[in-house]
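Participant: Got a structure for you, written out below as structure tokens; questions coming shortly.
The values are calculated or read from the model by the stated rules, or taken from the named source; none is laboratory data. The structure presented is a predicted model; accordingly, all values stated were derived computationally and were not measured. Quick reminder, even Gly has a Cβ in these numbers, built from the backbone with ideal geometry, and neighbours come from all protein chains shown. Heavy atoms of the whole protein, side chains included, go into the accessibility calculation; ligands, DNA and RNA do not. Shrake-Rupley method; radii C 1.70, N 1.55, O 1.52, S 1.80 Å.
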Amino acid sequence: MSKITDYGFLFQQMLGTKNAKSASVIGSFQLSQLNSSSVQAQLRAAGIDTNSAQYKAAIKEMTQNGNGAMFTNIQCIKNSMKCYDKDGDYINPRNGLAGLVLTDENAGRQKRIISISESSKDEMFELTKKEFLSENGVLNGDTTKRRDVYDNLYRKTKKDDRLAAGYTMEQYERAYRQAFISAVKQADSNWEIGKPIPSGALNGITRESVEANLKKSGSLLTQASVDTRI
Amino acid sequence: MKRVTKRVFAAVMACMMACLMFVTPVLAATNNFSKTTVKLNAISGGESRYSSVTSGSVSGSNPSITKVELYCNVASGTDPYTIYVESPKGTIKSIAGPTKSGNVTITGFEGENPSGTWTIWIKNKGVSYNGNIYPASTVTITLKVAYSY
């Protein structure tokens, strides 16, 4: 079946008969003209699916300012659409993952404890311990690899649960760190963050021992007690 | 009358002592860090390159973000754009970028651990006021994160 495409807008532009008000530069049109048959034909001719969630997300961003007199063009719409996935969710250009933009709509769903990958918890426990020992308990934001652990967790988690998974993981991360601090203070009551950690102070701490003392309290994981016996 | 005044005075003093003993230790210490991105340019509905800044050493045993503020140094004639800020944990917040230089507060990161790499980029909205075929946005952003510990 042959595909019929309306290229009428090109002739209109060549002959200068197109509404001069809505087109200042060839190919540009005002946002208020988006739903006109002429612009819709241009979009279709350019291969843009105006029913797609990507298109709707791109147009939503463009019209955020609510000014229909502003101009756009096909290439801008296409570029903008590339930033969203098929569901219209924004894709993080750094890691290619969607579902991590916090909005007013999904903020309520973020703060909940969900089941997360055991291997990611393992990875976080080991990293927290390694960095705690190498930095003497200081949180060194210049060298930490904690973001890598979160990225790996998100890759293992379905899109709609990624925000909650990150929130849950942070609760575990804090619990591991607090357990390490308690253990070192038990080994040396005068210890302060930044001072050398007594050798073997963390030997008795395992991920399981920390998590066994965690209890869910609303949207938080709280420590019932810390067992730091060695 | 004198006895009543004395009792009221004693009660007030007792309250003050109680406040000093129990409330003061609860008040957490605060700190902040501030970092500036490279110049971010985005055109035609596309994204700029992303700029990563690190927090440096973060104080305390259990730090928690209380406020995130951005100072945007906007180039003149910049077309509309969106700012994206990603915390070390990977949470992203977006806000419409200001058209003139100034401060904007960004909410949603409160309670997170501020330690690590923050990533900031902009996305040109793909619209212009005057029909530019290549709408463009240019801004340099300073991130200021306040936290308690």
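Participant: Helix-only estimate, please: 222 nm mean residue ellipticity of chain A, summing -39500 (n - 2.57) across DSSP H runs of length 4 or more and dividing by its residues, to the nearest 500.
Facilitator: Calculated from helices alone, the mean residue ellipticity at 222 nm is -13000 deg cm²/dmol.
Participant: Helix A:146-156 versus the longest principal axis of chain A: what is the Cα-based angle in degrees, 0 to 90, to the nearest 10?
Facilitator: On a 0 to 90 degree scale, this one is about 60.
Participant: Give the angle, between 0 and 90 degrees and rounded to the nearest 10, that separates the Cα long axis of helix A:162-187 from the longest principal axis of the Cα atoms of chain A.
Facilitator: Taking Cα atoms only, the helix is inclined about 20 degrees.
Participant: Counting only heavy atoms of protein chains, what accessible area per residue, in Å², does the protein assembly as shown have with a probe of 1.4 Å?
Facilitator: Accessible area per residue, the protein assembly as shown: 50 Å².
Participant: Just flag the GluC sites (Glu not before Pro) in region B:77-131 sitting in loop per DSSP whose Cβ has no more than 15 other Cβ atoms within 10 Å.
Facilitator: Those that pass, being in a loop and sparsely packed, are B:Glu110.
Participant: For region A:28-84 and region A:90-117, compute the distance between their C-alpha centroids and round to whole Å.
Facilitator: 26
Participant: Spin-label point model (7 Å from Cα, Cβ direction): what's the B:Ser76 to B:Ser101 distance in nm?
Facilitator: In this crude label model, B:Ser76 to B:Ser101 measures out at 1.2 nm.
Participant: Let me ask something else about it. Quick one: which bits of region B:73-103 get at least 10 Å² less accessible when the partner protein chains are in, versus the chain alone, with a 1.4 Å probe?
Facilitator: Buried on complex formation: B:Pro80, B:Thr82, B:Tyr84, B:Glu86, B:Pro88, B:Lys89, B:Gly90, B:Thr91, B:Ile92, B:Lys93, B:Ser94.
Participant: If I model a spin label at A:Ser36 and B:Ser61 as a point 7 Å from the Cα along the Cα→Cβ vector, what separation in nanometres do I get?
Facilitator: 6.7
Participant: Compute the relative contact order of region B:21-149 as a whole-number percentage, counting only Cα pairs closer than 8 Å that sit 6 or more residues apart in sequence.
Facilitator: 45
Participant: Shifting gears a bit: Using Cα positions and a limit of under 23 Å, work out the lysines in reach of B:Lys35, with same-chain residues fewer than 8 apart set aside.
Facilitator: Within the straight-line limit of under 23 Å, B:Lys35 reaches these lysines: A:Lys145, B:Lys67, B:Lys89, B:Lys93, B:Lys100, B:Lys123, B:Lys144.
Participant: What residues of region B:47-67 lose no less than 50 Å² of accessible area with every protein chain in place versus their chain by itself (probe 1.4 Å, heavy atoms only)?
Facilitator: B:Glu47, B:Tyr50, B:Ser61, B:Asn62
Participant: Still on this model: Rounded to the nearest 100 Å², what's the accessible area chains A and B bury against each other, both chains counted, probe 1.4 Å?
Facilitator: When A and B are taken together, about 3900 Å² of accessible area is lost.
Participant: Just the number, please: carbon plus sulfur as a percent of the accessible area of the protein assembly as shown, 1.4 Å probe, no ligands or DNA/RNA counted.
Facilitator: Its accessible area is 53 percent carbon and sulfur atoms.
Participant: For region A:89-130, which GluC sites (Glu not before Pro) pass both filters: DSSP loop (anything but H, G, I, E, B) and at most 12 other C-beta atoms within 10 Å?
Facilitator: A:Glu105
Participant: Still on this model: Helix-only estimate, please: 222 nm mean residue ellipticity of chain B, summing -39500 (n - 2.57) across DSSP H runs of length 4 or more and dividing by its residues, to the nearest 500.
Facilitator: Value at 222 nm, helices only, nearest 500: -4000 deg cm²/dmol.
Participant: Report the charge-dipole magnitude of region B:28-148 in Debye, nearest 20, computed about the Cα centre from +1 at each Lys and Arg Cβ and -1 at each Asp and Glu Cβ.
Facilitator: So the dipole magnitude of region B:28-148 works out to roughly 140 debye.
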